[in-house]
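These notes concern the structure reproduced below.
The values are calculated or read from the model by the stated rules, or taken from the named source; none is laboratory data. Because the structure is a prediction, the values reported are computed rather than measured. Cβ placement follows ideal geometry from the backbone for every residue including glycine, while neighbour counts extend to all protein chains displayed. What goes into the accessible areas is simple: the full protein's heavy atoms, side chains included, and nothing from ligands, DNA or RNA. Shrake-Rupley method; radii C 1.70, N 1.55, O 1.52, S 1.80 Å.
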Amino acid sequence: MPDETNPFENFQTQVKTAAERLELDDGVIEYLTTPERVLETNLTVELDDGSLETFEAYRSQFNDARGPYKGGIRYHPWVTREEVKALSGWMVYKCAAINIPYGGGKGGISFDPGEYSETELERITRAYAEAIRPIIGVDRDIPGPDVNTGQREMNWLKDTYETLENTGAPGIVTGKGLESGGSEGRVEATGRSVMLTAREACEYLDRDIEDTSVAVQGYGNAGSIAARLLDDLGARIVAVSDSSGAIYNSDGLDPRDVLDFKSETGQVAGYSGADEELSGEELLTMDVDLLIPAALENAIDRRLAEDVSAEVIVEAANGPLTTGADEVFADSETVIVPDILANAGGVTVSYFEWVQNRQQFYWSEEKVNSELEVLVVDAFAEMVDAYESHDAATHREAMYLVAIERVMKAVEGGGFWP
Ligand code: NAD
């Protein structure tokens with residue numbers, strides 16, 4: 001009996017479904033759904049009070065047929081080997097879908113960073129950087145940020161690597177601060193691709209974005225920026241949530257004001273501009289045109305999917321729908337813009353950052369945003385073409401068809417060796 005909440009099984013089902021439509025052999029499907037290697041390590045770190053604590057940490061290198069392994073580092077108590085494997089696999093097909101020359105990887109440490117001081121977080125990050133140093137490299141594996149990591153952690157990672165390697169190598173990691181070799185537009189990039197794909201989906205469905213109500217689950221980096229950029233396009237953000245709860249205003253919330261409130265208080269619950277507070281589940285099933293899950297995996301399962309009423313779901317998070325939920329939506333009118341396209345803005349601008357680091361020539365924010373828009377709009381059109389030409393069951397399957405064909409072309413070009 002498959003476990004609906006195992007993200008790695010969900011990932012494998014998604015790839016297999018598309019690979020079977022392409023009539024690939026079982027051995028090839030096994031290759032496409034299996035990581036090349038997973039480093040599992042334990043980091044023993046001294047805490048501020050002098051005691052020692054050991055943290056489980058991982059780096060999964062899934063596939064590098066199209067370029068160096070690429071993927072973020074997550075700090076969260078739910079990080080497991082299975083989750084890291086799934087996230088690294090999604091990176092392979094995300095980079096192929098958006099058509100940047102990377103493979104897929106992902107890493108993580110299983111702990112709650114909120115319970116540690118900044119000096120402890122620095123020691124944990126530097127210990128992790130030291131542990132993965134033998135397997136990463138500017139042309140081999142390039143980490144980046146993910147849930148609960150950002151510029152600060154990426155700067156520490158780069159500094160540790162460069163110090164131990166006795167070299168300058170800003171392209172070893174992306175998502176750095178601007179002064180440490182980061183790119184303009186990187187912080188906003190994931191929310192921007194969510195906005196762009198939502199805009200393209202509205203056009204595809206002949207829907208006026210200015211007449212679209214939006215609910216966002218997860219008011220962090222991806223969710224809050226997507227909300228702000230969609231508000232700029234004229235959409236009405238009626239509900240947002242974070243781990244503290246959900247808030248609702250039928251006339252629309254001001255996303256900037258909500259973010260200011262969250263920055264001050266650490267939560268969206270209690271925001272004075274809301275008419276009503278909702279439960280997280282009520283937000284996901286409310287009567288809204290566009291739903292953006294932007295928190296973590298498995299937000300919507302089969303049971304909840306039956307009650308979702310949104311016309312479009314744009315997956316800002318990785319793997320927010322279980323396979324059970326996917327089956328429910330495949331039989332409904334709801335259009336899903338899959339994670340491997342919707343949130344690909346983050347890795348795409350990471351790629352631009354890496355290119356700028358290597359050329360030592362830095363782009364303006366306008367250039368970053370316009371190059372990103374071209375890739376997102378092209379990939380959306382390729383997904384729609386594949387949906388029609390392959391008679392795919394879902395837009396997710398269609399995007400995987402495009403991505404798998406690209407990975408297979410690279411594999412066939414190089415062949416299997418030895
Ligand atoms: P983040 O930590 O900035 O934000 C996550 C938000 O989700 C937080 O506000 C948290 O309170 C909220 N949350 C957690 N559990 C929740 C729940 N049950 N209900 C409602 N809210 C909940 O993280 P992020 O960087 O925005 O990442 C969010 C998702 O987007 C993840 O799946 C991540 O892998 C994906 N993603 C992020 C990027 C990026 O560049 N940041 C790129 C690609 C994909």
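Listing for the model above:
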| read-out | value |
| --- | --- |
| 1.4 Å probe accessible area per residue over the chain, in Å² | 40 Å² |
| Rel. contact order, % - alpha carbon contacts under 8 angstrom, at least six apart, the chain | 16 percent |
| Evaluated at q = 0.15, 0.16, 0.22 Å⁻¹: base-10 log I(q)/I(0), Debye formula over Cα of the range 323-418 | -0.77, -0.84, -1.11 |
| Neighbourhood charge, 13 Å Cβ-Cβ cut-off, centred on P77 and excluding it, Lys, Arg +1 and Asp, Glu -1 | -3 |
| Convex hull volume per residue for the range 189-337, taking Cα atoms only, in Å³ | 91 Å³ |
| Square roots of 5 times each gyration tensor eigenvalue, C-alpha, the range 19-176, largest first, Å | 29, 17, 12 |
| The chain - charge dipole about Cα centre, Lys and Arg +1 at Cβ, Asp and Glu -1, debye rounded to 20 | 1720 debye |
| Amide H partners (placed H, <5 Å) of G175, local residues excluded | S183 |
| Vicinal HN-Hα couplings computed from phi for the range 361-378 (Karplus, 6.51 cos²θ - 1.76 cosθ + 1.60; Hz; Gly/Pro x) | 9, 9, 8, 7, 4, 4, 5, 4, 5, 6, 5, 5, 4, 4, 5, 5, 5, 4 |
| Portion, in percent, of the accessible area of the range 36-171 that falls on carbon or sulfur, probe 1.4 Å | 42 percent |
| Amide hydrogen neighbours beyond the local backbone of I73, cut-off 5 Å, H modeled | G107, G144, D146 |
| In Hz, Karplus ³J(HN,Hα) per residue of the range 331-340 (6.51, -1.76, 1.60; θ = phi - 60°; x = Gly, Pro) | 8, 10, 7, 5, 9, 9, 8, x, 3, 5 |
| Distance from the range 301-372 to the range 1-47 (C-alpha centre basis), Å | 19 Å |
| Percent RCO, i.e. relative contact order, over the range 259-418, from Cα pairs under 8 Å lying at least 6 residues apart | 15 percent |
| Estimated 222 nm signal from helices in the chain, with DSSP H stretches of n ≥ 4 weighted -39500 (n - 2.57), rounded to 500 | -14500 deg cm²/dmol |
| Listed residues I98, S224, F11: farthest to the positive end of the dipole of the chain (Cβ charges) | I98 |
| Integer Hz, Karplus 6.51/-1.76/1.60 couplings in order for the range 148-154, x for Gly and Pro | 6, 10, x, 4, 4, 5, 5 |
| Mean separation of Cα contacts under 8 Å, 6 or more apart, over the residue count of the range 189-337: relative contact order % | 22 percent |
| DSSP beta bridge pairing in the chain, given as percent antiparallel to the nearest 5 | 50 percent |
| Peptides 207-216, 41-50, 346-355 ordered by average Cβ neighbours within 10 Å, highest first | 346-355, 207-216, 41-50 |
| Largest-first ellipsoid semi-axes for the chain, taking √(5λ) over the Cα gyration tensor eigenvalues, angstrom | 31, 27, 21 |
| Furthest towards positive pole of dipole, Q267, S88, N343, structure part the chain, Cβ charges | S88 |
| Fraction of antiparallel bridges per DSSP, the range 186-286 only, in percent to nearest 5 | 60 percent |
| Where Cα atoms sit under 14 Å apart: lysine pairs in the range 36-171 separated by 8 or more or lying on different chains | 5 |
| Proximal aspartates and glutamates to K409, defined as alpha-carbon separation beneath 12 angstrom and excluding residues fewer than eight positions away on the same chain | none |
